[in-house]
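These notes are about the structure you will find just below.
Each reported figure results from applying straightforward, stated rules to the coordinates on display, with no laboratory input. Note that the structure is a prediction, hence the values are computed from the model and not measured.
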Ligand SMILES: *Cc1c(COP(=O)(O)O)cnc(C)c1O
């Protein structure tokens with residue numbers, strides 16, 4: 001069986017360093033807000049290319065804290081609108097609505113699967129304050145035009161970098177392209193912890209200070225509470241593990257890029273549509289999505305050939321039960337079609353040559 005992603009194999013690649021890091025924390029007797037967090041935050045900020053990095057509980061919280069900080073600092077108000085790609089993972093949208101902001105869902109470009117820069121302007125109103133740009137599937141979603149629209153309409157550009165650790169745009173890392181970015185270290189992400197974890201990166205000191213407080217009961221100074229915060233911290237064991245894995249992130253991403261190259265060169269089945277190919281700098285291939293009108297059949301066919309695939313994502317946010325009535329009557333034909341046609345092929349740093357070749361052959365033989 002070719003698994004979609006074997007976390008056991010991912011961890012095994014760096015087992016010695018990871019065990020050493022975990023043992024160091026266990027033996028230290030210090031498990032929260034200590035030297036491991038400080039070190040990882042400094043290393044990750046340097047890697048991303050931002051002034052600040054604030055570790056927090058998970059990726060959803062990272063995004064929630066960014067918008068909450070905008071509200072606490074008076075830059076945004078409840079009811080303001082945030083533009084977000086309609087085909088994103090629901091966490092992006094939850095971070096907006098959790099803060100009493102309005103998510104304005106904008107269709108993706110069906111060729112790139114990323115937010116369509118040509119549909120943004122028509123969605124902007126007097127209430128629009130921000131774009132939450134999601135680098136979905138590991139592809140850089142930023143474009144010059146998006147930057148220009150943010151400048152023209154004074155929109156705060158926030159990045160959801162949960163799927164694109166290490167990706168670049170003109171040499172700059174995603175996570176440093178906007179005012180602030182949320183990162184997830186969920187185990188399956190390109191930079192994954194051994195449990196939950198997240199971080200915010202930003203160059204803005206006020207935002208950084210506010211977010212650090214929000215994630216720590218709303219307190220900057222012990223027992224003095226400025227905000228009604230919550231407890232959302234990155235623990236020392238995860239920070240130590242992440243610091244190890246960060247050292248190998250570029251190498252891991254280049255292995256993903258090798259798998260993607262094999263798929264782009266080998267997959268020739270006219271029934272399967274691949275997203276437009278980007279230079280490696282702009283895509284770290286968190287996932288490898290393909291589109292197929294007979295998606296269910298394709299998935300079954302691949303399973304019969306011992307290839308595990310997943311769907312990202314079967315139900316778009318606007319059709320989720322939790323959002324019934326939120327966007328009454330909204331029709332998003334591209335997003336809805338992608339939800340019916342998308343299938344993610346196995347990709348990761350541990351996929352062997354013969355495994356990728358087997359995936360290519362099976363995909364090409366489908367329907368023949
Ligand atoms: C994984 C993910 C999140 C949420 O991250 P968690 O750490 O699981 O909370 C947010 N946005 C996107 C696009 C994701 O893929």
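Considering only DSSP beta bridges with both partners in the chain, what is the antiparallel share in %, to the nearest 5?
60 percent
Run lengths n ≥ 4 of DSSP H only: what is the helix-derived mean residue ellipticity at 222 nm for the chain, with -39500 (n - 2.57) per run over all residues, to the nearest 500?
Computed ellipticity for the chain at 222 nm equals -11500 deg cm²/dmol.
In vacuo Debye scattering of the stretch 274-350, one point per C-alpha: log10 I(q)/I(0) at q = 0.15, 0.17, 0.20, 0.27 Å⁻¹?
Rounded to two decimals, the profile gives -0.66, -0.79, -0.96, -1.23.
Translational diffusion coefficient, Stokes-Einstein: compute it for the stretch 198-315 using the Kirkwood radius over C-alpha pairs as Rh, at 25 °C and 0.890 mPa s, and state it as an integer in µm² s⁻¹.
132 µm²/s
Over the C-alpha atoms of the stretch 94-176, what are the Rg and the largest Cα-to-Cα span, Dmax, in Å?
That works out to 12.5, 35 Å for Rg and Dmax.
Taking N as the number of residues in the stretch 53-101, what is its alpha-carbon radius of gyration divided by 2.2 N^0.38 Å?
Normalised by 2.2 N^0.38 Å, the Cα Rg of the stretch 53-101 equals 1.12.
Return the inverse of the average 1/r over all pairs of distinct C-alpha atoms in the stretch 257-317, which is the Kirkwood hydrodynamic radius, in Å to one decimal.
When all Cα pairs of the stretch 257-317 are included, the Kirkwood radius is 13.0 Å.
When the Debye formula is applied to the Cα atoms of the stretch 201-263, each taken as the same point scatterer, what base-10 log of I(q)/I(0) results at q = 0.27 Å⁻¹?
-1.04
In vacuo Debye scattering of the stretch 118-158, one point per C-alpha: log10 I(q)/I(0) at q = 0.27, 0.34 Å⁻¹?
Debye output, listed in q order: -1.01, -1.34.
What are the semi-axes of the equivalent ellipsoid of the chain, taken as the square roots of 5 times the eigenvalues of the Cα gyration tensor, listed largest first and rounded to whole Å?
33, 27, 17
If each residue of separation counts as 0.36 nm, what is the full-extension length gain between residue 258 and residue 324 once their alpha-carbon separation is subtracted?
So the chain would gain 19.6 nm between residue 258 and residue 324.
Dividing the Cα radius of gyration by the Kirkwood radius, what Rg/Rh value follows for the stretch 109-263?
1.01
Over the chain, what relative contact order in percent results from Cα pairs under 8 Å that are six or more residues apart?
Taking the mean separation of contacting Cα pairs over the length of the chain, I get 22 percent.
So what's the gap between the Cα centers of the stretch 12-35 and the stretch 170-236, to the nearest angstrom?
A separation of 21 Å, based on Cα centres.
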